[in-house]
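One structure is given here, and the rest of the page talks about it.
The values are calculated or read from the model by the stated rules, or taken from the named source; none is laboratory data. Note that the coordinates shown come from a computational prediction; the quantities given were computed from them, not determined experimentally. Reconstructed Cβ throughout: ideal geometry from the backbone, glycine too, with neighbour counts over all protein chains shown. Calculation scope for accessible area: heavy atoms of the full protein, side chains included, ligands and nucleic acids excluded. Shrake-Rupley method; radii C 1.70, N 1.55, O 1.52, S 1.80 Å.
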Amino acid sequence: MTIAYPAHSPSLARDPRVWALLFAASLTTMANATIAPALTGLEAAYGDQPHAALLIRLLVPAPSLSIILFASMAGMAVDRHGRKRVLMLGLVLFVLAGPAGYFLEDLSLIFGTRLLLGVGVALIMTAQTTFVGDLFTGSRRATLNGLQISARNLGGLVFIALAGWLAGLSPHLPFLVYGLAILLLPLAALSLHDISSAHQREDGAAHRPHTDPQERDSESDHAGWFGQLLALATLQGFTSLCFFLMPTQLPFYLQDLGYDSGAMTGILLAVLMFFGGVAALWYGWLKRRVPYVIVFGSGYALMALGMGLMALDGGVWGLASGAASVGFGFALVMPNFVTLMLQLAPESHRGRASGILSTSIFLGQLLSPLASIPVITAFGFQGAFGLFGGMLALVAGIAFVQALRPASPR
């Protein structure tokens with residue numbers, strides 16, 4: 001596919017494409033977590049249906065399973081059929097499948113719509129990330145990658161808070177929150193376009209502006225990109241696995257410590273997401289000043305510190321400080337993966353690369369309980385947080401050592 005780049009771009013804040021892409025990024029958080037506050041109410045409503053206990057507990061991670069299965073195929077569809085067509089299809093699936101749980105009475109059908117919602121998210125994520133690579137370069141792209149993490153974190157706070165309020169009225173109402181995605185349909189349709197059209201080439205933008213020395217143009221410059229991408233995806237999957245100790249094990253850890261698990265979990269996850277949202281706003285500024293490996297090292301060091309604070313159990317303030325540190329570090333690390341992926345992958349394979357990276361995130365989420373439960377059984381919650389914190393500290397150390405080598409990439 002031939003890509004033509006626009007000759008000039010408005011500032012990010014005034015660019016409607018940016019708002020469309022950030023709204024799309026926030027949907028990935030909405031997909032899984034929004035109905036979490038309604039689970040106990042749904043169990044009371046559907047508890048007499050076959051396999052109710054299992055199905056209700058699978059409602060939250062069900063979209064992740066679909067994303068793992070379909071993200072790579074969605075990426076290939078993006079490369080073959082265009083970014084906008086795939087994005088719009090994903091949005092339509094999201095708008096139809098998300099609110100369906102409000103209207104359905106059969107729990108198995110609700111579970112099926114959750115799987116379909118995940119297919120929509122897979123299409124949205126891959127197309128949205130590929131659009132970022134196509135439409136923006138250099139520091140603007142890095143800044144937008146950070147803003148995406150902020151949109152996911154801060155959007156998640158809003159969606160979960162709204163869903164929590166609605167769940168108090170009826171366990172079915174939180175499904176309607178997914179309907180907010182309908183607002184994105186006209187914005188995406190009007191502002192986002194595949195940039196290989198003839199009229200854009202006529203604007204004199206046949207080639208990418210060389211605004212950043214990291215940007216590369218020719219296919220030959222990307223030799224060996226797939227192996228490097230797999231290594232990057234493996235590291236991102238590990239990062240996601242460690243991070244998801246927080247939402248998956250924190251409630252049980254707090255209960256073990258004698259706290260009101262529900263209230264404290266809500267507070268600490270809010271702290272986690274808030275500081276993640278704030279930290280990601282600084283990613284673009286930080287990336288312009290230090291190499292990738294320093295950003296990685298700093299982010300992993302903060303995550304390790306946060307896990308260590310969680311393991312020490314320094315009371316409410318110690319736990320909150322740990323959650324803040326984990327959220328801050330995770331938000332610095334995650335935009336790096338997208339920025340590097342867009343640099344590594346040839347333009348004609350960005351959708352495929354985006355699909356692989358999306359798969360690694362959700363595979364890490366899925367594997368997190370499977371990896372952490374045996375460690376918790378053997379060493380307890382504090383030992384598990386300490387062990388995973390130690391692994392994150394090792395990764396941070398490797399990154400800082402790499403930064404000492406000559407000609408570290410910026």
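To the nearest 0.05, what FRET efficiency results for D256 and L58 with a Förster distance of 25 Å applied to their C-beta separation? Don't skip to the end; give the middle numbers.
Numbers: r = 24 Å, r/R0 = 0.97.
Efficiency, from the Cβ-Cβ distance: 0.55.
For A25, what charge total do you get from the other residues with a beta carbon under 13 Å from its beta carbon, if Lys and Arg give +1 and Asp and Glu give -1? Could the numbers behind the result be given before it?
Values: positive: R17, R152; negative: none.
Its environment carries a net charge of +2.
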Expected sort for 82-91, 115-124 on mean C-beta neighbours within 10 Å, highest first, is 115-124, 82-91
So the FRET efficiency between L104 and H81, C-beta based with R0 = 30 Å and rounded to 0.05, is 0.45
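Let's see if you can work this out: charge +1 on each Lys and Arg Cβ, -1 on each Asp and Glu Cβ, no other charges. What is the dipole magnitude of the chain about its Cα centre, in debye to the nearest 20? Could you put the intermediate results ahead of the total?
Numbers: 21 positive and 19 negative charges, 180 e Å.
So the dipole magnitude of the chain works out to roughly 860 debye.
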Judged on accessible area alone, 1.4 Å probe, highest first, W285, W317, W19 line up as W317, W19, W285
Placing +1 on each Lys and Arg Cβ and -1 on each Asp and Glu Cβ in the range 77-119, then taking the dipole about the Cα centre, the residue among I110, P99, G82 whose Cα reaches farthest towards the positive end is G82
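Filter the chain for me: DSSP H helices, axial length by Cα at least 18 angstrom, mean Kyte-Doolittle hydropathy not below 0.0. List them by residue number.
Details: long enough: 16-33 (27 Å, 0.92); 62-81 (27 Å, 0.95); 83-97 (21 Å, 1.65); 107-135 (41 Å, 1.47); 138-169 (47 Å, 0.69); 225-243 (27 Å, 1.19); 261-281 (30 Å, 1.98); 292-312 (30 Å, 1.76); 315-344 (44 Å, 1.38); 350-403 (42 Å, 1.24).
Once both thresholds are applied, what remains is 16-33, 62-81, 83-97, 107-135, 138-169, 225-243, 261-281, 292-312, 315-344, 350-403.
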Ranked output for segments 296-305, 185-194 by mean other Cβ atoms within 10 Å, highest leading, reads 296-305, 185-194
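Using packing as a proxy for protection, rank 270-277, 55-62 so that the peptide with the highest average count of other Cβ atoms within 10 Å comes first.
On the way: 270-277: 22.4, 55-62: 18.0.
Final packing ranking: 270-277, 55-62.
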So, relative contact order of the chain in percent, Cα under 8 Å, 6 or more apart, is 26
Computed for the range 41-156: size of charge dipole around the Cα centre, +1 on C-beta of each Lys and Arg, -1 on C-beta of each Asp and Glu, debye to nearest 20, value 660
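Just to be sure I follow the definition: excluding the sites themselves, where is the longest run in the chain that has none of the GluC sites (Glu not before Pro) in a DSSP loop with at most 12 other Cβ atoms within 10 Å? Mind dumping the intermediate values first?
Numbers: sites that count: E105, E202.
Excluding the exposed sites themselves, the longest stretch runs over 203-410.
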Sparse-neighbourhood loop hits (trypsin sites (Lys or Arg not before Pro), the range 266-335; DSSP loop; Cβ within 10 Å at most 11 others) -> R289
Simple spin-label estimate for A231/Q402, 7 Å along Cα→Cβ, in nm, reads 0.7
With label points set 7 Å from each Cα along the Cα-to-Cβ direction at S170 and R14, the distance between them in nm comes to 4.5
From DSSP H assignment alone, runs of 4+ in the chain each adding -39500 (n - 2.57), the sum over residues rounded to the nearest 500 puts [θ] at 222 nm at -25500 deg cm²/dmol
Contour minus Cα-Cα span, R288 to T40, at 0.36 nm per residue, comes to 84.7 nm
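So how much slack lies between A371 and Q49, counting 0.36 nm per residue of separation and subtracting their Cα-Cα distance, in nm? Please report the intermediate quantities before stating the final value.
Values: separation 322, 0.36 × 322 = 115.92 nm, distance 3.10 nm.
Extra length from A371 to Q49 when fully extended: 112.8 nm.
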Among M341, S11, T377, the residue whose Cα sits farthest towards the positive end of the charge dipole of the chain, when +1 is placed on the Cβ of each Lys and Arg and -1 on the Cβ of each Asp and Glu, is S11
Within the range 109-129, the residues whose backbone N lies under 19 Å from a label point placed 7 Å from the Cα of L185 along the Cα-to-Cβ direction are 113-114, 116-125, 128
